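Enquirer: Following this message is one structure expressed as C-alpha cells.
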Amino acid sequence: MAIERTFSIIKPDAVRRNLIGKILTKFEDGGLRPIALKKIQMTRAQAEGFYSVHKDRPFYGELVDQMIASPVIIQVLEGEGAILRNREIMGATNPANAAEGTIRKEFALSMGENSVHGSDAPETAAEEIRFFFSDDELVG
Ligand code: CMP
C-alpha cells in the first residue's frame, strides 16, 4: 500500500483530560508517524471553515462550540495507507459503535466529544492539511 498523509485533530475533550500522550501512542503503535504537530486554540472562524461541509447539519453549532472550547492538537500523520489506518485506529464516529482498542472506544465521551478527528478521503486529507499547515511545516 502507498505511503499517504492524513490530517488529525486531538479534540478539546481529550486535550483537557491530559490524553495527548496516550492518543499519540495509539497512532505511533499503529504505524503512523506525526510529521507535523502543533497545539493551537482554534478560532470560531477556523472551526466554522474547517467544518463548513456540515454547516446545514443540526449538530453544526454545537460542534463548532466544542472545537473552540479549549486548545487542540493538530497534526499530519504519515504511513502506509495512512487515511484508512488512521480511521481504524480512531474507531467509529459514535463511540457507542467503536471497536475495542480504538481511541474512541477507550476515550470518547459522546458523538460530539469524540476525542479525535481524521480525514475521510485523499482529497479531504490534502484540503485539511492545507487548511492548517504550510508546506515548510511538513518536516517529515
Ligand atoms: P469528526 O470526525 O470531527 O467530524 C464531524 C464531527 O461532528 C464528528 O466527528 C462528531 O464529533 C460530530 N457530530 C456530532 N453529531 C454528529 C452526527 N449525528 N453525525 C456525524 N457527526 C456528528
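The values are calculated or read from the model by the stated rules, or taken from the named source; none is laboratory data. Not measured: the values here are computed from a predicted model. All Cβ positions, glycine included, derive from the backbone under ideal geometry; neighbour counts span all protein chains shown. Accessible surface areas use protein heavy atoms only, side chains included; no ligands, DNA or RNA. Shrake-Rupley method; radii C 1.70, N 1.55, O 1.52, S 1.80 Å.
Enquirer: Could you pull out the residue among 127, 48, 78, 100 that is away from the ligand (no atom under 12 Å from the Cβ) and assigned to a loop (DSSP other than H, G, I, E, B)?
Expert: None of the other options fit; the residue is 100.
Enquirer: Looking only at residues in region 109-122 that are near the ligand (Cβ under 9 Å from one of its atoms) and open to solvent by 20 Å² or more (accessible area, probe 1.4 Å), which one is nearest to residue 16 (Cα to Cα)?
Expert: That would be 113.
Enquirer: Working only within region 1-16, note down all residues that are touching a strand residue (DSSP E or B) at 6+ places or on another chain (Cβ under 9 Å) and not in a loop (DSSP other than H, G, I, E, B).
Expert: Passing the criteria: 3, 4, 5, 6, 7, 8, 9, 10, 12, 14, 15.
Enquirer: Sort out which residues of region 59-74 are open to solvent by 50 Å² or more (accessible area, probe 1.4 Å) and more than 8 Å from the ligand (Cβ to nearest atom), and write them in order of number.
Expert: Narrowing region 59-74 to residues open to solvent by 50 Å² or more (accessible area, probe 1.4 Å): 59, 62, 65, 69.
Matches in region 59-74: 65, 69.
Enquirer: Would region 16-29 turn up any residue that is of a type in the set (A, V, I, L, M, F, W, C), more than 16 Å from the ligand (Cβ to nearest atom) and within 15 Å of residue 106 (Cα to Cα)?
Expert: Yes.
Enquirer: Let me ask something else. Residue 49 fails exactly one of the following numbered conditions: (1) in contact with a strand residue (DSSP E or B) (Cβ under 8 Å, 6 or more places away or on another chain); (2) modelled with pLDDT of 95 or more. What is the number of that condition?
Expert: (1)
Enquirer: Take residue 16 and decide whether it is farther than 20 Å from residue 120 by Cβ and either modelled with pLDDT of 95 or more or more than 15 Å from the chain's Cα centre (by Cα) (or both).
Expert: yes
Enquirer: Can you go through 85, 130 and tell me which one is without any contact (Cβ under 8 Å) to a residue 24 or more places away in the chain and out of contact with any Asp or Glu (no Cβ under 8 Å at 6 or more places or on another chain)?
Expert: Details: 85 fails: without any contact (Cβ under 8 Å) to a residue 24 or more places away in the chain.
Result: 130 is the single residue among 85, 130 that is without any contact (Cβ under 8 Å) to a residue 24 or more places away in the chain and out of contact with any Asp or Glu (no Cβ under 8 Å at 6 or more places or on another chain).
Enquirer: If you don't mind, there's one more thing I want to ask. Quick one: in region 17-45, of everything that is part of a strand (DSSP E or B) and hydrophobic (A, V, I, L, M, F, W, C), which residue is most open to solvent (accessible area, probe 1.4 Å)? Even if it seems obvious, please write down each step before you answer.
Expert: From region 17-45, those part of a strand (DSSP E or B) are 33-40; that's our starting set.
If we keep only those that are hydrophobic (A, V, I, L, M, F, W, C) as well, we get 35-37, 40.
On the way: 35: 4, 36: 7, 37: 85, 40: 35 Å².
That would be 37.
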